[in-house]
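Quick notes on the structure that follows.
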There are 2 protein chains.
Amino acid sequence: MKTYLNPSQEQWPTLAQRQTVASADLNETVKSIFSDIEKNGSKAVKKYTQYFDGVTLENLKVTTAEIEKALTKVPADLKKAIQTAAGNIKRFHQSQQEIAKKIETTSGVFCWRESRAINSVGIYIPGGTAPLFSTVLMLAIPAQIAGCKNIILCSPPDKNGELNPAILYAAQLTGVTQIYKVGGIQAIAAMTLGTDEIPKADKLFGPGNQFVTAAKQYAQQLGTAIDLPAGPSELLVIADDSCDPDFVASDLLSQAEHGGDSQVILVTNSETIVAKVTSAIEQQKAVLPRQSVVEKALENSRALVFETIQKGIEFSNFYAPEHLILAVEDAENMLPFIENAGSVFLGNYSCESAGDYASGTNHTLPTNGFAKNYSGVSLDSFVKKITVQKLTSKGLQNLGPTIEIMAEAEQLTAHRNAVSVRLQKLQNGDYN
Amino acid sequence: MKTYLNPSQEQWPTLAQRQTVASADLNETVKSIFSDIEKNGSKAVKKYTQYFDGVTLENLKVTTAEIEKALTKVPADLKKAIQTAAGNIKRFHQSQQEIAKKIETTSGVFCWRESRAINSVGIYIPGGTAPLFSTVLMLAIPAQIAGCKNIILCSPPDKNGELNPAILYAAQLTGVTQIYKVGGIQAIAAMTLGTDEIPKADKLFGPGNQFVTAAKQYAQQLGTAIDLPAGPSELLVIADDSCDPDFVASDLLSQAEHGGDSQVILVTNSETIVAKVTSAIEQQKAVLPRQSVVEKALENSRALVFETIQKGIEFSNFYAPEHLILAVEDAENMLPFIENAGSVFLGNYSCESAGDYASGTNHTLPTNGFAKNYSGVSLDSFVKKITVQKLTSKGLQNLGPTIEIMAEAEQLTAHRNAVSVRLQKLQNGDYN
């Protein structure tokens, strides 16, 4: 972790740079798999599952029997933890429900919005060594609150053709309606196009490797909405003398273990804090199993010392971190100055892990500077908000002349006529 | 307008098809203009303005003097109409402001969301014969309510190097901070990349032709957010015996005059209504100036007669119209059945023109079936919602074990440690 003292504004763009991941151009691969699955459906999906996951499956859909068997394998304490986390996530996302507010903008003119669930949503859960059941909670719970009819989950099978029991437990707990043992580009293609076995999704959610990311981008071009642009995870901690350097070190390490491409930034007003945190990192790192990953991530990481915390916040807004910990005196009063961040953690006890798993906030957040122009996943991500208007005859009489003048000025005569025809009949007394 | 009686579900995909606009592959053109503007800034922007708009400009930025001169040219009644519409749009979008609700998900664990304006937004207003000042209102008013610092407007200059006075009037009324006389791909490129003259925008809004659409798609790939995927405008009217065929005809025509690629669909439970509406269309059409455009749009348009209005609503949900007029008995009670639509107009006096201009709802809406998975533009489009969490020491003690178990099960040891380090110190009595 390299340290920079009072970096000038000119240096900020360089200091805010993320690792550029050299991604192969996967467009041709993605297109050819989509085209094959469009033509050959399940048969093609199974072919790619055999090729990429090394397992031959007769049925892609996880059966009730499989789920029941898996449930017996999840330890009781993990089940209870998942239930606790699910409860918090549910409470927070339920609080995001919008109650239709009917506004009378002009006498007799009423406007409001109504939320409607997106009918079918597709959730992708990556495979690999760690079973990301927490992401199932983060995506399926708001989908269930929204009332999505199809909540489709795809995740790559292991060598035995199975999914991790904790993923299945989280899925059944949160109302996932269909689970398929499919991963990679073929999963995204199947949910985008729909096959004889897997239903078409209107919107796709979830993390993934560069294959999944490329496939989601292509899906978006085809008209399927996606949750967020992808990028490696990142954390920025702003710390002053009130911080505990051991806590800050543990937070930086928790972010660093996500992957070698993760980035952690320490922003502070004190060189002493940098020294203490660095030393705590060395100590704590020693016992971690993913040391090489952590070390690689720390290579891309920086400690920035500014004269004031306020200047540090300015840099943070420039950087726009996915996760932001404010380990500063009176953290909540600093919040109004935060302009760009995915999720903010206030004070010494709000570690990033809390939001990653169980506080209730969503962990699907904008990375790579996208916190400047995107929100993280929320209940809003699973609904459309339809606007509604109702004009009474009086309302149209009040507002009609305004519309007529504007339509005429935009040279849209038929738009004006739609009002004039009505006003004329009202004037004639055809209606009242 | 071709009529279909009780079309079977198998026919629905064909009946819901939009006109496929044969769009040239503009990718290479877009990329080369972006690259030129990235290298040469304003100089390149002016070169393309000369080439595409046929006008040589020394300064792209509209001056205060130009605005003041323009304001004298806008008729008083149009100014008043624009003010009335602006007032309604402001009232409705202000009602969308979210008040942070702090939720205690577990004792000592607090979660909430805070809205923050997107710093810089770019608004594109097309040129051409009709000055779309109404779109200025629809985009700049919510940007102003959100508190966006830069509200940048680009619109192509006419042959005299000027913008329409009504556009300038609407822009100054709604707090647009910078106005540039730039159109087409070069405008989108300049706002995406930023130049020596035009600031970089974090998100781009506004309609445009196929060049602008292709440029916005490319901007999105570069990380600039955009409002909505583009497509021609459309209207579906559901009408029963309670409708006035003259009103329905006037609404269908108002949509049809937008462009030859517009689509209008009449859904009803009565052949008589189709006959009456068709005859009213013929009558009303005769006096419209844009007859050839209207006739071309009507060629792509359909009347569908279903046995029940309920079946018609099912089709409408399948079609997912941008605009939906419910000209039916008890329209508001039908609303719960509407699943997919951009904006809904209830009853005989709620013509689409009202929403296009002045009722208060936004007229930037999802077309081409995107009402299934996208919302129209609203105040939300101009903000990010940042999640915030605050755990007290008690809160972490309550929730910590849950996080530890979950992190361990996902094999993320450092995530667990971030909690354990804290719980340990609390147990040791280092803090209280």
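The values are calculated or read from the model by the stated rules, or taken from the named source; none is laboratory data. All values reported here derive from a predicted model rather than from experimental measurement. Using ideal geometry, Cβ is built from the backbone for each residue, glycine included, and neighbour counts are taken over all protein chains shown. Heads up: the accessible areas ignore ligands, DNA and RNA and are worked out on the full protein's heavy atoms, side chains in. Shrake-Rupley method; radii C 1.70, N 1.55, O 1.52, S 1.80 Å.
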Qualifying residue in region A:220-241 (condition: touching a residue at least 60 places away in the same chain (Cβ under 8 Å) and assigned to a helix (DSSP H, G or I)): no
Count of residues meeting criterion [in a helix (DSSP H, G or I) and open to solvent by less than 10 Å² (accessible area, probe 1.4 Å)] in region A:170-181: 2
Please indicate, with yes or no, whether at least one residue in region A:246-256 is outside any strand (DSSP E or B) and either assigned by TED's automatic domain parsing to the domain that holds A:Ser120 or closer than 30 Å to A:Val121 by Cβ (or both). yes
Can you go through A:Glu197, A:Glu162 and tell me which one is closer than 15 Å to A:Leu60 by Cβ, touching a Lys or Arg at 6+ places or on another chain (Cβ under 7 Å) and surrounded by fewer than 24 Cβ atoms within 10 Å (Cβ to Cβ)? A:Glu197
Condition set among the hydrophobic types (A, V, I, L, M, F, W, C) and surrounded by fewer than 23 Cβ atoms within 10 Å (Cβ to Cβ), scope region A:304-330, selection farthest from A:Asp246 (Cα to Cα): answer is A:Phe318
When you scan region B:72-83, do you find a residue that is away from chain A (no Cβ under 11 Å) and either basic (Lys, Arg) or open to solvent by less than 50 Å² (accessible area, probe 1.4 Å) (or both), even just one? yes
Residues of region B:25-59 being open to solvent by 50 Å² or more (accessible area, probe 1.4 Å) and more than 21 Å from B:Gly127 (Cα to Cα), which ones? B:Asp25, B:Asn27, B:Glu28, B:Lys31, B:Ser32, B:Glu38, B:Lys39, B:Asn40, B:Lys43
If you take the residues of region A:333-351 that are open to solvent by 20 Å² or more (accessible area, probe 1.4 Å) and within 7 Å of chain B (Cβ to nearest Cβ), which of them is farthest from A:Tyr319 (Cα to Cα)? A:Tyr349
Condition test on A:Gly184, is it touching a Lys or Arg at 6+ places or on another chain (Cβ under 6 Å) and either open to solvent by 10 Å² or more (accessible area, probe 1.4 Å) or within 29 Å of A:Lys2 (Cβ to Cβ) (or both)? no
Report the residue count in region B:156-212 for those that are within 14 Å of chain A (Cβ to nearest Cβ) and within 14 Å of B:Pro131 (Cα to Cα). 8
Looking at region A:130-144, is at least one residue assigned by TED's automatic domain parsing to the domain that holds A:Val55, surrounded by fewer than 21 Cβ atoms within 10 Å (Cβ to Cβ) and more than 27 Å from A:Lys384 (Cβ to Cβ)? yes
For region A:228-257, give me the residue count where each residue is within 12 Å of another protein chain (Cβ to nearest Cβ) and closer than 21 Å to A:Asn362 by Cβ. 11
Could you tell me whether any residue of region B:87-104 is more than 25 Å from B:Gln221 (Cβ to Cβ), free of Cβ contacts under 8 Å to residues at least 24 places away in the same chain, touching a helix residue (DSSP H, G or I) at 6+ places or on another chain (Cβ under 7 Å) and aliphatic (A, V, I, L, M)? yes
Out of all the residues in region A:85-118, which are within 7 Å of chain B (Cβ to nearest Cβ) and open to solvent by 50 Å² or more (accessible area, probe 1.4 Å)? A:Arg91, A:Lys101
Can you name the condition, by its number, that A:Asp261 falls short on among (1) of a type in the set (Asp, Glu); (2) open to solvent by 20 Å² or more (accessible area, probe 1.4 Å); (3) over 21 Å from A:Glu322 (Cα atoms)? (3)
Check on B:Ala44, at pLDDT below 95, hydrophobic (A, V, I, L, M, F, W, C) and out of contact with any Ser or Thr (no Cβ under 7 Å at 6 or more places or on another chain): no
